[in-house]
Amino acid sequence: MADDLLSESLSTGAKAIRDVRAGERVHVHGVVRSLTLRPREALRALEVELFDGSATINLIWLGRRSIVGVEPGRVLDVSGRVVRHHGRLALFNPRYSLRAKQDAS
């Protein structure tokens, strides 16, 4: 399954997350593994873990509680500048587009 997802990701022209480095402007493609709402007093943030079959990257939208359509299992195309945040690769307030949901059949 991970190999299929990575092949799909690369076929979109996205960069494999395992090859992404901090400071780069990238386009990645993958499936949402988890969502976490960080309700801090000073700054709310929606954090999403995106997996492309090779590795994960955190997507962090500041000031957001939710984004319609962004949910576990959903496939996203995402672009932005990569940073290191708490030792992990992340994109803050990335541009994104939702992929049409696939039938489970």
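Some notes on this structure:
- Within the range 36-93, the residues that satisfy the criterion of being within 28 Å of residue 3 (Cβ to Cβ) and in a loop (DSSP other than H, G, I, E, B) are 52, 53, 54, 55, 69, 70, 71, 72, 73, 74, 87.
- For the range 21-33, the tally of residues that are exposed (fewer than 12 other Cβ atoms within 10 Å of the Cβ) and at negative phi stands at 3.
- A single entry from 81, 38, 74 fulfils the requirement of being charged (D, E, K, R), surrounded by 11 or more Cβ atoms within 10 Å (Cβ to Cβ) and free of Cβ contacts under 8 Å to residues at least 12 places away in the same chain: 38.
- Taken over the range 1-15, residues that are over 14 Å from the mean Cα position of the chain (by Cα), within 14 Å of residue 77 (Cβ to Cβ) and not in a helix (DSSP H, G or I) amount to 2.
- Of the residues making up the range 45-70, those that are surrounded by fewer than 14 Cβ atoms within 10 Å (Cβ to Cβ) and either touching a residue at least 12 places away in the same chain (Cβ under 8 Å) or under 22 Å from residue 20 (Cα atoms) (or both) number 5.
- Of residues in the range 1-20 being β-branched (Val, Ile, Thr) and within 20 Å of residue 88 (Cα to Cα), the one surrounded by the most Cβ atoms within 10 Å (Cβ to Cβ): 17
- Matching option when the condition is under 22 Å from residue 99 (Cα atoms), part of a strand (DSSP E or B) and not β-branched (Val, Ile, Thr), among 33, 18: 33
Computed from the coordinates by the stated procedures, all read-outs in this text should not be read as laboratory data. Remember, predicted model here, so these are calculated numbers, not experimental data. As a convention, Cβ positions derive from the backbone with ideal geometry for all residues, glycine included, and neighbour counts pool all protein chains shown.
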